[in-house]
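Asks: The following block contains the structure, expressed as structure tokens.
Bear in mind that the values in this text are calculations on the coordinates, not laboratory data. On a predicted model such as this, the values are computed, not experimentally measured, just so you know. Neighbour counts are summed over all protein chains in view; Cβ atoms, including those assigned to glycine, are modelled from backbone coordinates with ideal geometry.
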Amino acid sequence: KSGWMSDKDFVLFMKHFIQNVRPSKENEVVLFLDNHSSHLSIEVLNLAKDNGVVMITFPPHCSHKLQPLDRSVFGPFKRYYNSYCSSWMKDHPGKPMSIHNIAELVGLAFPLATTPANITSGFRVAGLVPFNRFIFDGDVDFAPSFVTDRPFNSSPVPPIDDFIEIPASNDNIVEEGQTPVPVQKD
């Protein structure tokens, strides 16, 4: 089994979320998510709608700004974990680290990173709570998504006059029997 979230796994999460948070149509709750396909199955969307869960998904390429845990928890967790790993290696020279050692070090680092203050800070700096529509600094923050916003050229083969010919050989001489290779102009 892979470590990736599946539709089936997310349905289980949503049922657990509903059971423990106890939302209702009269007392709706907001659940912020990325756009992973497992979060958008019909079964999950119906569960959310029927139980008062308002699902808000982040646009692609915006997690660096919008995902609270990315903003305030994962960085501190990595720093604490790396610090514990360094200490462990100094205390156990030449000994390989086992999966049990890793679990122990994660157990030490995790509570230090997942404090209420860090989690609350993540929602604040992401502009989610309190809501802040001005967290994006113009086009600079959307730069990673620009490549996907280019118009799609639906013609499979460019017109022939968009090509220039260059010789197939490196020495710019077309010998008998060689064919020039067409290269598309910019």
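Asks: Can you count the Lys pairs in segment 24-108 with C-alpha separation below 26 Å, eight or more apart or on different chains? Write out the running numbers ahead of the final one.
Replies: Values: Lys25/Lys49; Lys65/Lys78; Lys78/Lys90; Lys78/Lys95.
Taking segment 24-108 as the scope, the lysine pair count is 4.
Asks: While we're on this one: Taking H as built 1.01 Å from N, whose amide H comes closer than 5 Å to the amide H of Thr57, not counting residues under 5 places away?
Replies: For Thr57, whose amide H was placed from the backbone, the distant partners under 5 Å are Leu33.
Asks: Under 1.5 on a/c is rounded, so check that first for segment 1-72, then, if it is not, pick prolate when a/b is larger than b/c and oblate when it is not; a ≥ b ≥ c are the square roots of the alpha carbon gyration tensor eigenvalues.
Replies: On the way: a/c = 1.85, a/b = 1.26, b/c = 1.47.
The shape class here is oblate.
Asks: With unit charges on the beta carbon (Lys/Arg positive, Asp/Glu negative), name the residue among Ile18, Leu31, Ser41 whose Cα is farthest towards the positive pole of the charge dipole of segment 1-44.
Replies: The one lying farthest along the dipole's positive direction is Ile18.
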